[in-house]
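Chemist: Sharing a structure here in structure tokens format.
The values are calculated or read from the model by the stated rules, or taken from the named source; none is laboratory data. All values reported here derive from a predicted model rather than from experimental measurement. Cβ: placed from backbone, ideal geometry, glycine included. Neighbour counts: every protein chain shown. Ligands, DNA and RNA are excluded from the accessible area calculation, which covers all protein heavy atoms including side chains. Shrake-Rupley method; radii C 1.70, N 1.55, O 1.52, S 1.80 Å.
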Amino acid sequence: MSLGSVITAIVTPFDEQQRVDEAAFLSLFRYLIDHGSDGVVVCGTTGEAPTLTAEEHLRLIELACAERPAGATVIASTGSNYTAHACEMSARAVELGADAVLSVTPYYNRPNRRGLVRHFTEIARATAKPVVLYNVPSRIGLALEDDLLAELAQVEHIDYVKQADNAALAQIDGLGLYAGNDDGFARALDLGGCGGILVASHLAGEQMRRMVDEPENRAEIDASLKPLYAAMSVTTNPIPVKAALNLLGHRVGGLRLPLVEADEAELEVIRKALTDTGLLR
């Protein structure tokens, strides 16, 4: 099945009491689909999953699946460094209606190759929906190398990879390729990949949609968005994108500790990027 090309890793809005703001979440979801996104990843890193309870996590997946606009894809981020928990969350997410699950490389305990194969194989057995592997060595300290990805591609239901290591962007036989970084999106498309699981698409979704639909203009559009990509990395994700959304009038609130809101210097970088790209007037 096709999961779409422009997939936004949607933020989790909080109210002033740090509770999940379900109305704001659904409003943002609808906005994203109306402005270039084919679907969303719910409760990923950008959605502050490490700070969500299991109940909050599953509730957001349930909301997204129940209220999704027609044609929108919901990918549930259900990864864990405990295989049984990842399997349970993946199975629950699919029961709630998720179209696919995103599963990150196990962090902190950093299993060896045999452990990684066992881990992802068990997750694939827990669901009949596609599994998207998530390779993000900058956060994990452990990479899924190309030969291991090729081995995992032989496992039933392991169908895609979100590649967040730009240096390793490559087509792997049997796996659909998604860029895991905004600044790798154009290259993934040029390589014939499926698209990207993105953050800047919260803000410039229509321009990023054009990168899919207008390949002849892709390089030019990508170059025009580089200041925005850089601003979204001025400090730890999702601090910048939440600040940007709030500046643009979206009600997404603050962050849960240990993440803190952007300081004045960071806000100035974000504000300038939004202004320079014509998003903030």
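Chemist: In region 144-250, which helices (runs of 4 or more DSSP H) lie fully inside it and hold 2 or more residues that are small (Gly, Ala, Ser) and surrounded by fewer than 21 Cβ atoms within 10 Å (Cβ to Cβ)?
Modeler: Fully inside region 144-250 and qualifying: 218-231.
Chemist: Residues of region 1-45 being in contact with a helix residue (DSSP H, G or I) (Cβ under 7 Å, 6 or more places away or on another chain), open to solvent by less than 20 Å² (accessible area, probe 1.4 Å), not small (Gly, Ala, Ser) and not in a helix (DSSP H, G or I), which ones?
Modeler: Scanning region 1-45 gives VAL6, THR8, ILE10, VAL11, THR12, PRO13, VAL40, VAL42, CYS43.
Chemist: Restricting to region 79-105, what's the tally of residues that are surrounded by 20 or more Cβ atoms within 10 Å (Cβ to Cβ), among the polar types (S, T, N, Q) and touching a residue at least 40 places away in the same chain (Cβ under 8 Å)?
Modeler: Summing the residues that are surrounded by 20 or more Cβ atoms within 10 Å (Cβ to Cβ), among the polar types (S, T, N, Q) and touching a residue at least 40 places away in the same chain (Cβ under 8 Å) in region 79-105 gives 1.
Chemist: If you don't mind, there's one more thing I want to ask. Consider ARG139 against the criteria (1) of a type in the set (Lys, Arg); (2) within 15 Å of the chain's Cα centre (by Cα); (3) at pLDDT 95 or above: it satisfies all of them except one. Which criterion is unmet?
Modeler: (3)
Chemist: For region 215-244, which positions are free of Cβ contacts under 8 Å to residues at least 40 places away in the same chain and over 18 Å from ALA179 (Cα atoms)?
Modeler: GLU216, ASN217, GLU220, VAL234, THR235, THR236, ILE239, PRO240, ALA243
Chemist: Then there's this: Of the residues that make up region 90-97, is at least one touching a helix residue (DSSP H, G or I) at 6+ places or on another chain (Cβ under 7 Å), outside any helix (DSSP H, G or I) and either farther than 20 Å from GLY36 by Cα or among the hydroxyl-bearing types (Ser, Thr, Tyr) (or both)?
Modeler: Checked against the condition, which is being touching a helix residue (DSSP H, G or I) at 6+ places or on another chain (Cβ under 7 Å), outside any helix (DSSP H, G or I) and either farther than 20 Å from GLY36 by Cα or among the hydroxyl-bearing types (Ser, Thr, Tyr) (or both), region 90-97 yields at least one hit.
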